[in-house]
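The values are calculated or read from the model by the stated rules, or taken from the named source; none is laboratory data. Note that the structure is a prediction, hence the values are computed from the model and not measured. No Cβ is skipped: glycine too gets one built from the backbone with ideal geometry, and neighbour counts run over all protein chains shown.
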Amino acid sequence: MNIVVVGAGFSGAVIGRCLAEAEFKVTVLDSRDHPAGNCHTERCQETGVMVHTYGPHIFHTDNQRVWDYVTSFGEFMPYRNQVKSTVGAAVYSLPINLHTINQFFGKTFDPQQARAFIETTQADTSIADPQNFEEQALRFVGPALYEAFFKGYTEKQWGCAPSELPASILKRLPLRFNYNDNYFAHQYQGIPKDGYTALIENILDHPGIDVQLSTPYTRAHAEHAEHVFWSGPLDGYFGEKLGRLGYRTLDFERFTKTGDWQGCAVMNYGDPDVPFTRITEHKHFAPWEEHEGTVCYREYSRSCGPNDIPYYPIRLVQEKALLSHYEALAEAEEGVTFVGRLGTYRYLDMDVTIAEAMTHAETFLAKHGAAAS
């Protein structure tokens, strides 16, 4: 069988590799001139720094199978995501932890004192069942910490009031009553030593896979395929005939300097009068390397236009209603499997993307395995 996989990111690469190893003939198409999608990394010619071209990606997972899979295609270096935030005239540690609480309130609490302080003097305990992001934050940390670290940043990131966003967005962020400032709590955390693009190129490196870059998908490709795996935008597959699903996109203001510009990989800016959400300094994502020069990105979030790169699905009431209609079209479409962040219109971490890609491939093989021989 001939298989067409649209998109050379993690979803497409993993599915393509699984099917190629089962002796299917796989063609992987990508409209960009490089594989790896938004995980693409490349060396800055000026500084030698490995740059996360579309914003930083830190791999983190508790899934042993996924970890074993990615590390079989490339060496991973340990990496802890330790975010800082500039608020007013001070720099704080994120996620909110004991150091953040003590510094912000000018206290010297121990863990038990800090927990009691937040619960009894800050958190709005009258909110029994938070219905949106703002209510979740007020119940979670109270108005002072919410205003400082979440309200302005969230308004810039999502372009709407936090009261319009689901509570689930904030539930993903930890609140710690110790001095642990590691953003993630997963067993495995790291970044590929040679970058994500090299990792995905290794996954795609199989004689049964034909990778065609700078090649947008057309319906003509499907005429020569028994099955299509689509990891592009769900609405894009159907020509947006029901309307466009909403996304946020990012603009990057790149600049280079000499030395260490900000002293950390990620500096958030929570104040609403600062137009960007954060500054990332990319050589800090590879602390095992040494570079005299440095590459930084200021990130600006805005609504995604027709020709922009979609990053974050908005998934508000209007989008969810439209999504249900597109999901019905996708369900009725024969010979196509919709996969990944764009194909399913969900925010997915990389490990979940890989795990789902494996499942999609295995489901296909269980149904068509006889054809592989």
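Is there a residue in the range 207-224 that is out of contact with any helix residue (DSSP H, G or I) (no Cβ under 8 Å at 6 or more places or on another chain), of a type in the set (D, E, K, R) and in contact (Cβ under 8 Å) with a residue 12 or more places away in the chain?
yes
Sort through Ala116, Ala137, Ala185 and tell me the only one that's free of Cβ contacts under 8 Å to residues at least 12 places away in the same chain and outside any loop (DSSP other than H, G, I, E, B). It would help to see each step written out before you state the result.
Details: Ala137 fails: free of Cβ contacts under 8 Å to residues at least 12 places away in the same chain; Ala185 fails: outside any loop (DSSP other than H, G, I, E, B).
Residue meeting the stated conditions: Ala116.
Do you know which of the residues in the range 76-103 that are in contact with a Gly (Cβ under 9 Å, 6 or more places away or on another chain) and over 16 Å from Gly270 (Cβ atoms) is surrounded by the most Cβ atoms within 10 Å (Cβ to Cβ)?
Among those that are in contact with a Gly (Cβ under 9 Å, 6 or more places away or on another chain) and over 16 Å from Gly270 (Cβ atoms), it is Tyr79.
With respect to Pro313, is the statement that it is in contact with a Gly (Cβ under 9 Å, 6 or more places away or on another chain), closer than 18 Å to Gly37 by Cα and not hydroxyl-bearing (Ser, Thr, Tyr) true? Steps first, please.
On the way: in contact with a Gly (Cβ under 9 Å, 6 or more places away or on another chain): yes; closer than 18 Å to Gly37 by Cα: yes; not hydroxyl-bearing (Ser, Thr, Tyr): yes.
Criteria met by Pro313.
Out of Phe276, Phe238, which single residue is in contact (Cβ under 8 Å) with a residue 12 or more places away in the chain and under 30 Å from Ser85 (Cβ atoms)? Spell out how you get there, then give the answer.
Working: Phe238 fails: under 30 Å from Ser85 (Cβ atoms).
From the options Phe276, Phe238, the qualifying one is Phe276.
Any idea which of (1) over 20 Å from the mean Cα position of the chain (by Cα); (2) on the phi > 0 side of the Ramachandran plot is the one Leu329 doesn't satisfy?
In the conditions (1) over 20 Å from the mean Cα position of the chain (by Cα); (2) on the phi > 0 side of the Ramachandran plot, Leu329 misses (2) alone.
So which strands (runs of 3 or more DSSP E) stay within the range 220-308 end to end and still have 1 or more residues that are closer than 22 Å to Gly335 by Cβ and modelled with pLDDT of 95 or more? Outline the logic, then answer.
Numbers: elements: 227-230, 247-258, 266-269, 278-281, 293-303.
Where strands (runs of 3 or more DSSP E) fall fully within the range 220-308 and carry at least 1 residues being closer than 22 Å to Gly335 by Cβ and modelled with pLDDT of 95 or more, they are 227-230.
Please pick out the residue among Val4, Val26 that is in contact with a Gly (Cβ under 8 Å, 6 or more places away or on another chain), β-branched (Val, Ile, Thr) and outside any helix (DSSP H, G or I).
On the way: Val4 fails: in contact with a Gly (Cβ under 8 Å, 6 or more places away or on another chain).
Only one candidate passes the filter, namely Val26.
Considering only residues of the range 199-219 that are buried (at least 19 other Cβ atoms within 10 Å of the Cβ) and touching a strand residue (DSSP E or B) at 6+ places or on another chain (Cβ under 8 Å), which is nearest to Asn81 (Cα to Cα)?
Ranking the candidates gives Leu199 first.
Under 6 Å between Cβ atoms, at least 6 apart or on separate chains: pull out the pairs that start in the range 279-300 with a residue that is polar (S, T, N, Q) and end on any residue that is surrounded by fewer than 20 Cβ atoms within 10 Å (Cβ to Cβ).
From residues that are polar (S, T, N, Q), the pairs are Thr294/Lys257; Thr294/Trp261.
Each row is one residue, and each column tells you yes or no for (1) more than 19 Å from the chain's Cα centre (by Cα); (2) of a type in the set (Asp, Glu); (3) not in a helix (DSSP H, G or I).
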residue: Thr121; (1), (2), (3): yes, no, no
residue: Ser126; (1), (2), (3): yes, no, yes
residue: Glu147; (1), (2), (3): yes, yes, no
residue: Cys160; (1), (2), (3): yes, no, yes
residue: Ser163; (1), (2), (3): yes, no, no
residue: Leu170; (1), (2), (3): no, no, no
residue: Leu175; (1), (2), (3): yes, no, yes
residue: Gly190; (1), (2), (3): no, no, yes
residue: Thr197; (1), (2), (3): no, no, no
